[in-house]
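Enquirer: One structure is given below, represented as structure tokens, and several questions about it will come after.
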Ligand SMILES: Cc1cc2nc3c(=O)[nH]c(=O)nc-3n(C[C@H](O)[C@H](O)[C@H](O)COP(=O)(O)OP(=O)(O)OC[C@H]3O[C@@H](n4cnc5c(N)ncnc54)[C@H](O)[C@@H]3O)c2cc1C
Ligand SMILES: *[C@@H]1O[C@H](CO)[C@@H](O)[C@H](O)[C@H]1NC(C)=O
């Protein structure tokens, strides 16, 4: 028989979202258990980001509830500073995630009105690899497993026979190991752009695939835009930021970069997660053949083609709150609340700012339900 434990609130994942909810619940003295499959909190930041990674949003949009960044913190925090902030947050609110606890399955029991959560635990003593299954039951269940659960690599004919290295951007650390090589970066979101820049600083012959139109803006333009959104409409902000980009970069179409019709802020809302289909038609040995039939040799390919949510893999009753892609079904701003006391935090595609507001809303809702 598996060991059993009952709790009021059960939180899956000790990234920024799970920690933010924990802090909000602790302040209201609401009992909870938080589990994390890795051996540390903030594992995305500690284990799956590249060395030169900085937060691409300014610090005022990247804090968790009840603990603003100090005035000395850099405007765009290096990842190590952000990791230190997460560790300080955990100790400040005395959060005790249960590490090495991976949720394998969760479902709602209608008769009891409770969530049943199956967890694989390993006791993490290096000498043993005791894997034990434990069952938790809870009244409330909070999904905090993130938008970046697993790296997505598109299916390209010939890719599995590619003779060079293939990695996802979440495995990339630095350009050092690629010095003197010819490397293809697929995808041109923040990660793709930053990795390309890092590679070119390491004497790597870097190519980047740009599949569709995109906006080129500086992070300060985004910063100004985010503040302006408090006062102006999205279309007004888009107009100003497009103008700023044009003044700074001029016409980029000679480099094959075209601006989309929608402005940068509505662009993000609309195209947040369209499937990445790079303009590669196939791969043959170490040669990549592009849609226009041009082909080049590459030593390595780095896919910065985004991530997939993994919540639907373990949550059997995901349709109480999520669609089949693992993202909220309900529109903003009530996206965080589902049926049968099921909640999700950090899945609204609004970065740490969204994480923080989801956490506050969820804790307030749980508090309200317990009072009434
Ligand atoms: C390269 C990169 C740069 C980014 N830069 C920024 C930025 O500048 N500003 C910004 O606002 N956002 C940024 N983000 C977005 C980022 O997703 C958020 O900042 C934040 O990490 C989200 O927190 P989260 O807790 O929702 O998810 P995560 O940080 O992904 O945490 C989820 C946790 O759940 C755990 N977990 C998953 N499945 C299970 C399971 N079955 N059982 C137990 N535990 C599980 C994972 O191990 C992980 O620790 C960036 C993301 C990436 C990848
Ligand atoms: C792959 O490349 C080799 C030469 O390197 C060529 O002989 C072969 O026809 C190519 N295969 C395809 C499917 O294009």
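What follows draws every value from the coordinates through simple rules; no lab data is involved. A quick note: this is a predicted structure, and the numbers were derived from the prediction, not measured. Note that we place each Cβ from the backbone using ideal geometry, even for glycine, and neighbour counts take in every protein chain shown.
Enquirer: Obtain the nm distance between the two label points defined at residue 67 and residue 87 by a simple spin-label model: each point lies 7 Å from its Cα along the Cα-to-C-beta direction.
Expert: Distance between the two pseudo-spin positions: 1.2 nm.
Enquirer: Order by neighbour count: 89, 50, fewest other Cβ atoms within 10 Å first, most last.
Expert: 50, 89
Enquirer: Neighbouring Cβ atoms within 10 Å as the yardstick, rank 7, 305 fewest first. Kindly include the intermediate steps, with their values, before the conclusion.
Expert: Working: 7 17, 305 24.
By the 10 Å Cβ count, ascending: 7, 305.
Enquirer: Continuing with this model, one more query. Would you mind telling me the antiparallel percentage of the DSSP bridges in the chain, rounded to 5?
Expert: Details: 29 of 60 bridges.
Expressed as a percentage, antiparallel bridges in the chain total about 50.
Enquirer: Let me ask something additional. Which one of 250, 158, 149 has the biggest mean-square fluctuation once the chain is modelled by GNM with Cα springs under 10 Å?
Expert: Checking each option, the largest mean-square fluctuation is seen for 250.
Enquirer: For the chain, what relative contact order do you get, as a whole percent, if you take Cα pairs closer than 8 Å and at least 6 residues apart?
Expert: Here the relative contact order equals 22 percent.
Enquirer: I need the shape label for region 151-306. Rule: rounded when a/c is under 1.5, else prolate if a/b > b/c, else oblate, with a, b, c from the alpha carbon gyration tensor.
Expert: Prolate.
Enquirer: Mind giving me the FRET efficiency for residue 2 and residue 227? R0 is 45 Å, r the Cβ-Cβ distance, nearest 0.05 is fine. Please list the in-between numbers first.
Expert: Numbers: r = 51 Å, r/R0 = 1.13.
Using R0 = 45 Å, I get an efficiency of 0.30.
Enquirer: Same structure, new question: Compute a Gaussian network model of the chain, connecting alpha carbons closer than 10 Å, and tell me which residue from 72, 313, 38 fluctuates the most.
Expert: Result for the chain, Cα springs under 10 Å: 72 fluctuates most.
Enquirer: Further, regarding this structure: Among DSSP beta bridges whose residues both lie in region 1-134, state the antiparallel percentage, nearest 5.
Expert: Beta bridges within region 1-134, antiparallel portion: roughly 70 percent.
Enquirer: How far apart, in nm, are the 7 Å Cα→Cβ label points at residue 27 and residue 203?
Expert: Taking the simple label geometry, residue 27 and residue 203 are separated by 5.2 nm.
Enquirer: What is the fewest-to-most order of 242, 291 by other Cβ atoms lying within 10 Å of their Cβ?
Expert: 291, 242
Enquirer: Now a separate question. Roughly how many nanometres apart are two label points built 7 Å out from the Cα toward the Cβ at residue 261 and residue 182?
Expert: So the two model labels end up 3.8 nm from each other.
Enquirer: Going by alpha carbons, how many degrees (0 to 90, nearest 10) lie between the helix axis of 234-249 and the longest principal axis of the chain?
Expert: 40
Enquirer: Please work out the Cα center distance from region 168-190 to region 288-314, rounded to the nearest Å.
Expert: Between the Cα centre of region 168-190 and that of region 288-314, the gap is 12 Å.
Enquirer: Return the single residue from 14, 58, 359 with maximal mean-square fluctuation; model: Gaussian network over the chain, springs between Cα atoms under 10 Å.
Expert: Comparing 14, 58, 359 in the GNM, the peak value goes to 58.
Enquirer: While we're looking at this one, here's another question. Relative to the longest principal axis of the chain, what angle (0 to 90°, nearest 10) does the C-alpha long axis of helix 219-228 take?
Expert: The helix 219-228 is inclined about 50 degrees to the chain.
Enquirer: May I ask you to list the residues of region 18-43 whose amide nitrogen lies under 13 Å from a point 7 Å from Cα along the Cα→beta-carbon direction of residue 134?
Expert: 33-37
Enquirer: Still on this structure: If the chain between residue 173 and residue 334 were fully stretched, how many nm would it gain, using 0.36 nm times the residue separation less the Cα-Cα distance?
Expert: Computed gain between residue 173 and residue 334 is 54.3 nm.
Enquirer: Continuing with the same structure: Angle between the Cα long axis of helix 190-200 and the longest principal axis of the chain, 0 to 90 degrees, nearest 10?
Expert: Its long axis makes an angle of about 50 degrees.
Enquirer: Follow-up question, since we're still on this one. Looking at region 151-306 only, what percent of DSSP beta bridges run antiparallel? Nearest 5 please.
Expert: Numbers: 7 of 20 bridges.
If I count the DSSP bridges inside region 151-306, around 35 percent turn out antiparallel.
Enquirer: Then there's this: So, in Å, what gap is there between the alpha-carbon centers of region 1-74 and region 216-231?
Expert: Centre-to-centre distance over Cα atoms comes out at 26 Å.
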